[in-house]
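Heads up: the structure comes next, in structure tokens.
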Amino acid sequence: MKFKRLFMVLLLSALLIMGLAVSAAANPEFRLRAGIGLNDQSAQFASMQYFADLVYENSGGRIQIDLYHSSQLGDDREMTEALQMGVQDFTCPSTAPLAGFVSGFKVFDLPFLFPTEEAADYVLDSEIGDALLAELEGIGLVGLAWWENGFRHLTNRVRPVETPADMAGLRVRTMENPIHLAAFRAMGANPTPMAFGELFSAMQQGVVDGQENPFGTIYLQNYPEVQDYVSDTGHIYSPFVLLLSQMTWNRLPADLQEVLVDAAEQAKWHNRDLNREWNAMYAEELDKVMNLSRLTMEQKAAFQEATMPVWEQYADEIGQDLIDAVLVKLDEWAAQQ
Ligand code: KDG
């Protein structure tokens, strides 16, 4: 009889604990929304999912992050403004469309600034990157981490592009950023700024001849359906910045704030590794379905030379001190190779 009673107590306790666990899963303390522009096949979406899973697990189910892709919640600038208003919690835009929010972000738009992804990591993860993230605090945003979009490459539907002369007159979509526009004008193109969500249909309708993005984006957003030529120009390295609304941050207790910070840092390295692996893999896939021009060092140097005037044109707007600090940091990185 005694054993039977003990068994019943243990059984009821187990059922109670399971019931509490299920109710927590069904009713998280904080249900947050995260939006991106890329689709759900992208390394960025996979990294956001990795981040959301880490947060859910490490918060003991107290924070659930619902993910929205393919610009469902708006374009980069609209989603960033939604964070400032507290009506969305996370987004992860390229820095280029945020140049109007944090002027210093424009330094990353200087053509051919970073020689490799590792050099970019060294600068972004230094006091320079920390200081730029800190500037977000004054405008209702929390910069949780620098993630990676990657080196950007040109596609078009008109001709192979291997020299700046080949770029003449091409109507190229760029991100909404003055330095990107200036760089493509300097290379001889006729650039049009446009939100990411409008790009595929603009190419499909012939509104633009081409665009520029990392290899993974080009492949996974199905651009080969409307583009014939790709050139590995690598003209700009594009960071992503994982953003949180300051209003959301302020609603969270300190222990959950720490969960977000730790998960963002862990997911940063997962994102960079995955993004590099996928960009390399999709370059090979693009070679099978598009006319891929792999530029020589000399051919890339011609594009770099054509865009150098853009550095001087925007030095005052970006701040020569910031540019010099990045160049010193890059020399520091190079000396360690
Ligand atoms: O999810 C990120 C996109 O919204 C965008 O930033 C991607 O590089 C991009 C572009 O060309 O707009």
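Taking every DSSP beta bridge with both residues inside the chain, roughly what % is antiparallel (nearest 5)? Before the final figure, lay out each step's value.
Working: 19 of 33 bridges.
Counting DSSP beta bridges with both partners in the chain, the antiparallel share is about 60 percent.
Here the relative contact order of segment 182-337, from alpha carbon pairs under 8 Å that lie six or more residues apart, stands at 38 percent. Of the residues Gln88, Gln41, Gln304, the one that moves most in a GNM of the chain with alpha-carbon contacts below 10 Å is Gln41.
Can you tally the lysine pairs in the chain where the Cα-Cα distance is under 26 Å and the two residues are eight or more apart, or on different chains? Close lysine pairs found across the chain: 6.
Springs between Cα atoms under 10 Å define the GNM used for the chain, and in it the highest mean-square fluctuation of Leu113, Leu327, Leu12 occurs at Leu12. Distance between the C-alpha centres of segment 67-103 and segment 29-54: 13 Å, rounded to the whole angstrom.
Once the mean 1/r over all distinct Cα pairs of segment 95-140 is inverted, what Kirkwood radius in angstroms do you read off?
This gives a value of 11.2 Å.
In segment 129-241, Cα pairs under 8 Å separated by at least six residues give a relative contact order of 42 percent. Helix 43-58 versus the longest principal axis of the chain: what angle, 0 to 90°, nearest 10, using Cα atoms? Once rounded, the angle reads 20 degrees.
The C-alpha atoms of the chain define a longest principal axis, and helix 320-335 lies at about 80 degrees to it. For the chain, a crude dipole built from +1 on the beta carbon of Lys and Arg and -1 on the beta carbon of Asp and Glu, taken about the Cα centre, is about 1440 debye to the nearest 20. Summary value for the chain: 24 percent relative contact order, contacts being C-alpha pairs under 8 angstrom separated by 6+ residues. Diffusion coefficient of the chain by Stokes-Einstein, Kirkwood radius over Cα pairs, 10 °C, 1.306 mPa s: 74 µm²/s. What translational D, rounded to a whole number of µm²/s, comes out for segment 238-337 from Stokes-Einstein when the hydrodynamic radius is the Kirkwood one over Cα pairs, at 20 °C and 1.002 mPa s? The Stokes-Einstein estimate is 117 µm²/s.
Using the count of nearby Cβ atoms within 10 Å as a rough guide to exposure, how do Phe112, Phe215 rank from fewest to most?
If I rank by nearby Cβ atoms, fewest first, I get Phe112, Phe215.
In terms of surrounding Cβ atoms within a 10 Å radius of their Cβ, Leu220, Leu292, Leu10 rank from fewest to most as Leu10, Leu292, Leu220. Taking Ile139, Ile318, Ile65 in turn, the Gaussian network model of the chain (Cα-Cα springs below 10 Å) assigns the largest fluctuation to Ile139. Extension gain, Glu312 to Ala334, is 5.6 nm, computed as 0.36 nm per intervening residue step minus the present C-alpha separation. Of Leu220, Ile139, Trp333, which is farthest towards the positive pole of the chain's charge dipole, taken about the Cα centre with +1 and -1 on the beta-carbons of Lys, Arg and Asp, Glu respectively? Of the listed residues, the answer is Leu220. For the chain, the longest principal axis of the C-alpha atoms and the axis of helix 297-318 are separated by about 70°.
Where a number appears in this text, it was derived from the coordinates with a stated rule and is not lab data. Note that the coordinates shown come from a computational prediction; the quantities given were computed from them, not determined experimentally. Backbone-built Cβ (ideal geometry, glycine too); neighbour counts: all protein chains shown.
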